[in-house]
Amino acid sequence: MTKFKVKHSLAALAAPFSQPCQPTPVSAPQWLAFNSALATQLRLPEQYWLTDAGLALFSGNALPDWTKPLAHAYAGHQFGHFVPQLGDGRALLLAELEDAHGQLFDIQLKGAGRTPFSRGGDGRAPLGPVLREYLVSEAMQALGVPTTRALAAVLSGDWLQRDTAEPGAIICRVAKSHIRIGSFQYLAAHSDSSQLKTFADYVIQRHYPACLHADNPYLALLEAVISAQAQLIAKWMSLGFIHGVMNTDNMSISGETIDYGPCAFMDAFNPAQVYSFIDKQGRYAWGNQPRIASWNLARFAETLLPLIAEHAAQAVELATGALQGFNSENEAAFLQLMGEKIGLKAATKHDESLIRDLLNLMSANNADFSQTFRLLSQSVSDASTGAAMLFADNNSWQAWCSRWQARLAEQGIATKDVKQQMDACNPALIPRNHQIAKAIELASTEADLSLFNRLHNALQTPFELDDANADLALPPTAEQCIENTFCGT
Ligand code: AMP
Ligand code: MG
């Protein structure tokens, strides 16, 4: 392993961007999971790999001197309502580690105790949400979606009071940074424009250095974040993923998926699907995600206005122009991804109705999202096989298939190549909500991590499924279906 490189660039900026804060020790830490592939990438010394020193580090009980723990300050719109101070209430940034390519990654403990931003909370995380975040974030990585990662998870040995008593746990999360739209909102609400500029310059350096060469670096930053989010949301949508809490404090500037709370991959396709039991209005429903991302980006743009131009009217005009780019980029990315899912190498505007009609057919027939696309490759040459079994309305299915097969034929690509390309982008396995719930239940009540480990291993190669894991790919039966996914607080 090459050299371990540590930085503290956010700590160097000091207040008001962050506050130093030590973790609160826990009583009896135990290993739950450790990600050696990620540890290798981060060049984390092996002395922390499933060792006592590692347990002390990842539980927050004894931090090595190369850490400089801090809580990051941020604000945010939660379900549309502005909260001027949120911040890391149960998370601590320990350090930034550089990989062999010079890419910097935050390592952060989530659930390590109270911080200056904890408000009424205990600063802790229950086991269930920690296991969910570990599984889903690592699955997202394997599916090719930009995401925070999971480096380690430990049990704390302490019980937490939630609706019932739950075992406490801590996850070590890795991200290109934990800077969010809410980080900028915090500065816009509490600081002067010189601090905002210091922070924006830091973010440009760290995430979008190409913007330094733009005529207007802050407008270029806005455009870069818009583009990253437009691409990210299209990826989520193409996998049937619902984030669940797209508050502005949960939207990362780097364009990574962050904060796996009441998130889920859909089973039966329903564009209005939500899982968060507090989301009564469907604000964060599958089909509403582009609109919400665009709304969040408008909040981001507002914070940058003083930097974009001296005169407010001009700044608004420039920012508005940039925001208008979101829809076209998001729609183009979604069209491309959905086209690939149905075997089209380069989908065009003319293919939009083909894709929309399939989605409508899926929702009318309650077809399982992931199964439909995975089985579709078997229907390329014979409409009566593969995905056909998911559509009770066989006539409509056959009619759609004829149009689709005719369109595929226009490409002049060998059927076996079309099938292969479809199987490479339609996962055979996604982290099914009911399987995650079962893994959490087993771990919490019987200290049994076998299903968690099995799911985690199988999800490392989501485009290939071992026969032995076929059960993990099945949609839930009516009794297994999970209506709500609870937040991790
Ligand atoms: P989240 O819903 O996880 O995005 O959290 C929203 C805000 O609540 C953030 O500022 C968190 O730091 C804070 N928070 C969530 N859970 C806790 C907790 N158990 N203790 C303290 N703060 C928390
Ligand atoms: Mg959050």
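With the Cα gyration tensor of region 182-333 in hand, convert its eigenvalues to equivalent ellipsoid semi-axes via √(5λ) and list them largest first in whole Å.
Numbers: eigenvalues 170, 49, 37 Å².
Largest first, region 182-333 gives 29, 16, 14 Å.
For the chain, carbon and sulfur atoms together expose 52% of the accessible surface, with a 1.4 angstrom probe and every protein chain in place.
Would you mind classifying region 369-489 by shape? Square roots of the alpha carbon gyration tensor eigenvalues, ordered a ≥ b ≥ c; an a/c under 1.5 is rounded, otherwise it is prolate if a/b is larger than b/c and oblate if not. Prolate, since a/c reaches 1.5 and a/b exceeds b/c.
Compared with the dominant Cα axis of the chain, that is its longest principal axis, helix 217-238 is turned about 50°. Helix content alone sets the calculated 222 nm mean residue ellipticity of the chain: runs of n ≥ 4 DSSP H residues at -39500 (n - 2.57) each, divided across all residues, give -13500 deg cm²/dmol.
Partner aspartates and glutamates whose Cα lies under 12 Å from the Cα of K176, excluding those fewer than 8 positions away in the same chain, are identified as E96, E98, D99, D106, E256.
Value of Rg to Rh for region 204-276, rounded to two decimals, is 1.09; Kirkwood radius and Rg both from alpha-carbon coordinates. The angle between the Cα long axis of helix 289-308 and the main principal axis of the chain comes to about 40°, on a 0 to 90 degree scale.
Loop sites here are GluC sites (Glu not before Pro) outside DSSP states H, G, I, E and B with no more than 10 other Cβ atoms within 10 Å. The longest part of the chain free of them is 1-309. Loop-located trypsin sites (Lys or Arg not before Pro) in region 219-310 (DSSP state not H, G, I, E or B) with no more than 16 neighbouring Cβ atoms inside 10 Å: K280.
For region 314-442, the alpha-carbon coordinates run over 58, 50, 28 Å along the three principal axes, in decreasing order.
With a simple spin-label model that places each label point 7 Å from the Cα along the Cα-to-Cβ direction, the separation between E479 and D99 comes to 4.4 nm.
Here region 49-94 is described by how far its Cα atoms reach on the three principal axes: 44, 18, 13 Å, from widest to narrowest.
Between L465 and V316, the contour length at 0.36 nm per residue exceeds the Cα-Cα span by 48.6 nm.
Mind checking which lysines have their Cα closer than 29 Å to the Cα of K419? Skip sequence neighbours fewer than 8 apart in that chain. Here the lysines satisfying the reach criterion relative to K419 are K235, K341, K345, K349.
Per residue, the accessible area of the chain comes to 40 Å², computed with a 1.4 Å probe over protein heavy atoms only. Length, then width, then depth: along the principal axes, the Cα atoms of the chain run 64, 61, 47 Å. For the chain, the longest principal axis of the Cα atoms and the long axis of helix 394-411 meet at an angle of about 80 degrees. With θ taken as phi - 60° and the Karplus curve 6.51 cos²θ - 1.76 cosθ + 1.60 applied, the whole-hertz 3J(HN,Hα) list for region 189-199 is 7, 10, 10, 8, 6, 6, 5, 4, 5, 4, 5 Hz, x standing for glycine and proline.
The values are calculated or read from the model by the stated rules, or taken from the named source; none is laboratory data. Since we're looking at a predicted model, the values are computed, not measured. With ideal geometry, Cβ positions are generated from the backbone for all residues, glycine too; neighbour counts draw on all protein chains shown. Keep in mind that these areas ignore ligands, DNA and RNA; they rest on the heavy atoms of the full protein, side chains included. Shrake-Rupley method; radii C 1.70, N 1.55, O 1.52, S 1.80 Å.
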